[in-house]
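The values are calculated or read from the model by the stated rules, or taken from the named source; none is laboratory data. What you see is a predicted model, and the numbers here were worked out from it, not measured in a lab. Virtual Cβ from ideal backbone geometry, glycine too; neighbours counted across all protein chains shown.
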Amino acid sequence: MSFFSELVSDFVSGGQPQQQQQRPQVPYPWQARWDNEQGRWVFVNEQTGERTFDQASLGLRNEVQNDEYRFDNDVRNDVNRVEDAPEDAAMWAGRKVQDIEDAPEDVANWAGRKEQDFDNDVNRFDNRVESRFDNAVNDVEDAPENVAGWLGRKIQDVEDIPQDIKGDFERPFQRVDQKIDNAEGDIRRFDQSVESSYDQGREEGMRDDRW
């Protein structure tokens, strides 16, 4: 290439090689940087500072880094659990000792509640028995009065039997007498009607003779 061609090429590329204008796409956390000394792209891990010229290995390096991170994390968690074990065991033992110390009080409270429940049940039973006994006593005390009232009603019913029979016996005759009286009234009204008609016809005949 001639000197003039190289000058034009440098001017077009901004004084840098053509390859630097095409920045490679790399996965996070890698960054592509141009290495002037090597004349090629160098890939830098922003988290760890690792540098490499091998772009193809970036994905694998990420996987290795993630595995290392997870491993370190697991190790730290295991160490923390081991370090916390004595304290956790002491707290667990303390809770169990407290539970054991509280057991007599808990049992006493439970027994007190059961005793109170038993007393309440006994009181309710006594109240029901007493109420039923009082009702029975009242029934016994009221029995003579109730019997006397019942007997009085039955005696009155017996005493009313002759009067009821007499009334039942007299009612048919009363109806017959009423019918006879009604018939006699009808006969009297008929006689009066006949007599009135006779007198009226006689008067009309006398008027005709005069004419």
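Brief remarks follow.
- Lone qualifier among D139, D168, D117, D134 - being of a type outside the set (S, T, Y), out of contact with any Lys or Arg (no Cβ under 6 Å at 6 or more places or on another chain) and exposed (fewer than 10 other Cβ atoms within 10 Å of the Cβ): D168
- Selected residue (criterion: nearest to the chain's Cα centre (by Cα)) from residues of region 55-83 that are under 21 Å from W34 (Cβ atoms) and surrounded by 10 or more Cβ atoms within 10 Å (Cβ to Cβ): R61
- When residues in region 36-82 are screened for being not in a helix (DSSP H, G or I) and not aromatic (F, W, Y), 16 of them pass.
- Pairs, first assigned to a helix (DSSP H, G or I) in region 16-32, second surrounded by 11 or more Cβ atoms within 10 Å (Cβ to Cβ) and at pLDDT 60 or above, C-beta under 8 Å, six or more apart: Q19/R40; Q19/W41; Q20/W34; Q20/W41
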